Amino acid sequence: MSTFDIPFALSRTRVAVRPGALQELGPALAELARPTKVLLVSDETVAGLFAEATLESLRGAGLEVAALVLPPGDATKSLASADRIYDRLGEMRLARDGALVALGGGMVSDLTGFAAATWMRGVAFAICPTTVEADVDAAIGGKTAVNHLAGKNLVGAFHQPVLVQIDPECLRTLPLRDRVAGLAESIKHAVITDEPFLSWHEAQRERVLAQDSGVLTELVERNVRIKADVVSRDEQERTALRASLNFGHTVGHAIESAQGYALRHGECVALGMVAECRIAVAMGLLSAADADRVVQCIGAYGLPVRLDTPLNEDELLGYMLRDKKVAGGKVRFTLPNGLGATVLRDDVPDAVVRTACHGVAL
Ligand SMILES: NC(=O)c1ccc[n+]([C@@H]2O[C@H](COP(=O)([O-])OP(=O)(O)OC[C@H]3O[C@@H](n4cnc5c(N)ncnc54)[C@H](O)[C@@H]3O)[C@@H](O)[C@H]2O)c1
Ligand SMILES: [Zn+2]
């Protein structure tokens, strides 16, 4: 049940995590940004569930508000959609003193944040996240982006939201598979920074999966605080600190690309964490018992620890070399250095990577 601020160099983000937070959006935004006009952006699925309550809250706070509803799916995270947002902002004559509100998952918040970062060189925006992925990851940290044919998230900007209003009750309408996929990022946060939080995941598994309101709220808040702590100390990913959040993502993104985005992002991160734990063991950074514990926890949440299809290791290595995380032609891995800490390594032998990837596929 809390509200707190994340400090950045030039701004701060107010975060509220509590059941009912969606209804409090209007007053919170009015108090923080006093926007003259507001554009709410959402996707069709989320808008059908929550747009009415959100608009009511904004209007109730005396704000002049319009809505733009776009198709769901990552294909909408494009420059063409950003252009549709600009068209609407132009019609509304929304100026520097206006604000955008993103209502939805990471697709909507990345796109809306990108539009907010670029419209008139930057206007305020708020996020009401509605997926686990967005609650625990995408809504915090100010990375905004749209996809390009050349790759995902290649066109973007750092732009911090003024407000992130998280109502964990919104997660109840999510399909189970999506809810579970998002939990991969929560386990990731535990492994990289907070071993007791890994124990918490082990102990609270049933209550998390049963969507116990108090437990979900605690899960979201702990994740937000972990990510906030990392990103506020490395706002623009200039050091290894923010890169620690990439644990599971070097192999995970490669699997995601190789599978043609047939799997959920979180499922690929789960497989990536399994492979990268094995790499950490091979590099002498993590005990086999600790690696097994992480794999066990991932599996206990219903996330995949092994694919039932083969993976082509050459293809995966090719994707890793094309990843944004490559520096000087070397693939960089964020590996667990014991549980609760990480180290950035670019000296993992190809053979070790191949064996680890082989281990998560048929
Ligand atoms: N900016 C960052 O730091 C960051 C971090 C992680 C992920 N991301 C981005 O986030 C996106 C993935 O986020 P996502 O998993 O939230 O995907 P998403 O926004 O596409 O949402 C997934 C699906 O769930 C539906 N949905 C959303 N909320 C719902 C609800 N409460 N009930 C029922 N259905 C609901 C959506 O309509 C959509 O079909 C990717 O584009 C990724 O690049 C960004
Ligand atoms: Zn991720």
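Annotation note: Cβ proximity below 8 Å between a residue of region 168-184 that is under 15 Å from residue 220 (Cα atoms) and a residue that is among the acidic types (Asp, Glu) and in a helix (DSSP H, G or I) (sequence gap 6+ or interchain) occurs for 168/135; 171/135; 181/133; 181/267; 182/133; 182/135; 182/137; 184/267. Could you check, for region 242-263, whether at least one of its residues is in a helix (DSSP H, G or I) and surrounded by fewer than 16 Cβ atoms within 10 Å (Cβ to Cβ)? Among the residues of region 242-263, not one is in a helix (DSSP H, G or I) and surrounded by fewer than 16 Cβ atoms within 10 Å (Cβ to Cβ), which makes the answer no. Can you find a residue that is in contact (Cβ under 8 Å) with a residue 60 or more places away in the chain and part of a loop (DSSP other than H, G, I, E, B) anywhere in region 59-73? No: zero hits.
With respect to the conditions (1) within 16 Å of ligand 2 (Cβ to nearest atom); (2) surrounded by 19 or more Cβ atoms within 10 Å (Cβ to Cβ); (3) acidic (Asp, Glu), residue 237 falls short on a single one, namely (2). Of the residues 241, 245, 209, only one is more than 30 Å from residue 312 (Cα to Cα), of a type in the set (A, V, I, L, M, F, W, C) and touching a residue at least 24 places away in the same chain (Cβ under 8 Å); which? The unique qualifying residue is 209. Being farther than 30 Å from residue 212 by Cβ, of a type in the set (Phe, Trp, Tyr) and free of Cβ contacts under 8 Å to residues at least 60 places away in the same chain is the requirement here; does residue 125 meet it? It is true that residue 125 is farther than 30 Å from residue 212 by Cβ, of a type in the set (Phe, Trp, Tyr) and free of Cβ contacts under 8 Å to residues at least 60 places away in the same chain.
For residue 222, the criteria (1) of a type outside the set (Ser, Thr, Tyr); (2) over 26 Å from residue 40 (Cα atoms); (3) in contact (Cβ under 8 Å) with a residue 40 or more places away in the chain hold in every case but one, which is (3). When restricted to residues that are touching a residue at least 40 places away in the same chain (Cβ under 8 Å) and either of a type in the set (S, T, N, Q) or not in a strand (DSSP E or B) (or both), region 1-19 contains 8. How many of the residues making up region 1-15 are in contact with a Ser or Thr (Cβ under 8 Å, 6 or more places away or on another chain) and crowded, with 19+ Cβ neighbours inside 10 Å? Residues flagged as in contact with a Ser or Thr (Cβ under 8 Å, 6 or more places away or on another chain) and crowded, with 19+ Cβ neighbours inside 10 Å within region 1-15 amount to 3. Quick check: anything in region 219-226 away from ligand 2 (no atom under 12 Å from the Cβ), under 21 Å from residue 326 (Cβ atoms), touching a strand residue (DSSP E or B) at 6+ places or on another chain (Cβ under 8 Å) and outside the structural domain of residue 143 (by TED's automatic domain parsing)? Taking every residue of region 219-226 in turn, none turns out to be away from ligand 2 (no atom under 12 Å from the Cβ), under 21 Å from residue 326 (Cβ atoms), touching a strand residue (DSSP E or B) at 6+ places or on another chain (Cβ under 8 Å) and outside the structural domain of residue 143 (by TED's automatic domain parsing). Counting only residues that are assigned to a helix (DSSP H, G or I) and β-branched (Val, Ile, Thr), which one in region 40-58 is surrounded by the most Cβ atoms within 10 Å (Cβ to Cβ)? Ranking the qualifying residues of region 40-58, first place goes to 54. Among the residues of region 321-354, the ones that are buried (at least 18 other Cβ atoms within 10 Å of the Cβ) and touching a Pro at 6+ places or on another chain (Cβ under 9 Å) come to 1 in all.
Identify all residues within region 74-97 that are surrounded by fewer than 17 Cβ atoms within 10 Å (Cβ to Cβ) and not in a helix (DSSP H, G or I); write none if there are none. Selection gives 93, 95, 96, 97. The residues in region 157-184 that are surrounded by fewer than 23 Cβ atoms within 10 Å (Cβ to Cβ), aliphatic (A, V, I, L, M) and within 16 Å of ligand 2 (Cβ to nearest atom) can be counted, and the count is 1. Scanning region 87-118 for residues that are free of Cβ contacts under 8 Å to residues at least 60 places away in the same chain, out of contact with any Phe, Trp or Tyr (no Cβ under 6 Å at 6 or more places or on another chain) and more than 16 Å from ligand 1 (Cβ to nearest atom) yields a count of 9. If residue 137 satisfies every condition in (1) within 15 Å of ligand 2 (Cβ to nearest atom); (2) assigned to a strand (DSSP E or B) but one, which is the exception? Evaluating residue 137 over (1) within 15 Å of ligand 2 (Cβ to nearest atom); (2) assigned to a strand (DSSP E or B) leaves (2) as the failure.
Residue-level check: of (1) touching a Cys at 6+ places or on another chain (Cβ under 9 Å); (2) assigned to a strand (DSSP E or B), residue 22 misses just (2).
The values are calculated or read from the model by the stated rules, or taken from the named source; none is laboratory data. Values in this document were obtained by computation on a predicted structure and should not be read as measured data. Note: ideal-geometry Cβ built from the backbone for every residue, glycine included; neighbour counts use all protein chains shown.
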